[in-house]
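First comes the structure, then the notes that go with it.
The values are calculated or read from the model by the stated rules, or taken from the named source; none is laboratory data. Quick caveat, the model's predicted, so the values are computed rather than measured. Please note: Cβ atoms are built from the backbone with ideal geometry, for glycine as well, and neighbour counts cover all protein chains shown. Remember, those area values only see protein heavy atoms, side chains included, never the ligands or the DNA or RNA. Shrake-Rupley method; radii C 1.70, N 1.55, O 1.52, S 1.80 Å.
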Amino acid sequence: DIAGSIENATVIERQIIPLAIKMLDALEQYVNLDIPFHRDTRLTSISQVRENMQATHFSTSEKFRQVLELYDIESEYGSTIDQYSGLLPVDGKEQKVTFMRVGRIAFLYQSSDQNHTGVWNSRDKKWDPVDASDYRSSTAKAIRIAKKQAAIDVLDLPIAYPEVAK
């Protein structure tokens with residue numbers, strides 16, 4: 001029994017790395033298809049774990065743990081809100097904006113002066129401007145909530161309706 005268990009453990013260990021690489025490939029594809037928040041950081045993390053798959057100083061279990069940790073982090077994005085600053089071309093010139101992510105259902109930006117607000121269009125892979133008068137204050141409020149400068153509240157944000165399954 002012990003010899004059989006050792007043999008099975010060896011076979012399983014040889015199958016873990018190819019499975020982990022397939023999981024990384026799937027996760028990379030998912031990030032590329034997802035809304036583009038922190039895309040470079042997320043892809044860099046995947047690349048780093050991919051490099052670790054080749055490293056001999058990590059055990060097989062540690063390599064697989066790193067893959068599962070990336071999956072856990074990606075899973076958390078679906079139930080959290082986040083905001084961060086960045087540059088975005090608005091009206092033909094680079095402007096400093098604040099990006100706002102609500103789970104995976106809304107990704108918006110708002111300029112520092114709150115005159116420009118936009119929402120990510122996942123279908124067309126581009127930013128769509130929204131009527132600032134309709135969403136200026138609610139987007140600003142969402143950003144304050146994400147910064148923990150305001151209490152959690154119901155928000156009126158432009159959210160795309162789900163597509164019909166094919």
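Tabulated values for the structure
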quantity: Point-charge dipole on Cβ atoms (K/R +1, D/E -1) for the chain, about Cα centre, debye to 20; calculated: 360
quantity: Against the rule of thumb 2.2 N^0.38 Å, how large the Cα Rg of the chain comes out; calculated: 1.36
quantity: Accessible-area order (highest first, 1.4 angstrom probe) of the listed residues 123, 104; calculated: 123, 104
quantity: Max mean-square fluctuation residue, GNM over the chain, Cα-Cα springs under 10 Å, options 13, 74, 62; calculated: 13
quantity: Cα-centre dipole for segment 95-166 with unit charges at Cβ (Lys and Arg positive, Asp and Glu negative), debye to 20; calculated: 380
quantity: Mean-position separation - Cα centroids, segment 34-65 and segment 105-166, in angstrom; calculated: 30
quantity: Among 128, 72, 91, residue whose mean-square fluctuation peaks in a GNM of the chain (springs only between Cα atoms under 10 Å); calculated: 91
quantity: Nearest-ten-degree value, helix 2-33 long axis tilted from longest Cα axis of the chain; calculated: 20
quantity: Among the listed pairs 125/147; 22/125; 63/148; 93/141; 125/148, those beyond 32 Å (Cα-Cα); calculated: 63/148
quantity: Rounded tilt (10° steps) of 39-54 against the dominant C-alpha axis of the chain; calculated: 10
quantity: Under 20 Å from residue 96, Cα to Cα: aspartates and glutamates that are on another chain or at least 8 residues apart; calculated: 40, 82, 113, 128, 131
quantity: Directionally averaged shadow of segment 44-89, computed from the convex hull of its alpha-carbon atoms, nm²; calculated: 4.7
